[in-house]
1. Let me know the charge dipole size of the chain about its Cα centre in debye, to the nearest 20, where only the beta-carbon of Lys, Arg (+1) and Asp, Glu (-1) is charged.
2. As a check on your grasp of the helix formula, calculate [θ] at 222 nm for the chain: sum -39500 (n - 2.57) over DSSP H runs of n ≥ 4, divide by the residue count, round to the nearest 500.
3. State, to one decimal in nm, how far the label point of ASN67 lies from the label point of ASN8, with both points 7 Å from Cα in the Cβ direction.
4. With equal scatterers on the alpha carbons only and no solvent term, can you work out the Debye log10 of I(q)/I(0) for the chain at 0.13, 0.16, 0.21, 0.23 1/Å?
5. Select from the range 1-72 those trypsin sites (Lys or Arg not before Pro) which occupy a DSSP coil region and have at most 16 other Cβ atoms within 10 Å, ordered by residue number.
6. Of LYS14/LYS44; LYS14/LYS86; LYS14/LYS76; LYS42/LYS76, which pairs sit farther than 25 Å apart, going by alpha carbon to alpha carbon?
Amino acid sequence: IEIQTANNPLRVNKTILKEKSSSSLVIYWYDLNGWIVANAYKAKLIAALDGVLHRRTNGAIIIVYNNLSRYDDTEKTLIDEVEFVKEIVPILHNYFAQDEI
């Protein structure tokens, strides 16, 4: 899905994870030295190139999820998660963009 943030649209993955009797709504993406991508293969390629060119493979997978009960409205939960992502992305960007010490 695409989330409109203050600066740019953010493309992320959305899925429903089902385990036994519970379900979770999950939004996730990869942050690799400022590159934000949703595709796992693209994330691996960026990490490999960064390792070869800069001798580092810094990266994170960002996961936002909510457990769903059978009474939860999935659309309302998705809206809540999207709003949380909009709030947290600038903070994460500042945190991950810190210079090495």
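Rule-based calculations on the coordinates, nothing more; no lab input. For clarity, every value in this text was computed on a predicted model and none was experimentally measured. All Cβ positions, even for glycine, are placed from backbone atoms using ideal geometry, and neighbour counts span all protein chains on display.
1. Values: 11 positive and 13 negative charges, 92 e Å.
Dipole of the chain, to the nearest 20 debye: 440 debye.
2. Working: 2 runs with 38 residues, N = 101.
It comes out at -13000 deg cm²/dmol, rounded to the nearest 500.
3. 3.6 nm
4. -0.53, -0.75, -1.09, -1.21
5. Hits after loop and neighbour filter: LYS20, ARG55, ARG56, ARG70.
6. Details: LYS14/LYS44 19 Å; LYS14/LYS86 15 Å; LYS14/LYS76 14 Å; LYS42/LYS76 30 Å.
Going by Cα-Cα distance, LYS42/LYS76 fall outside the 25 Å limit.
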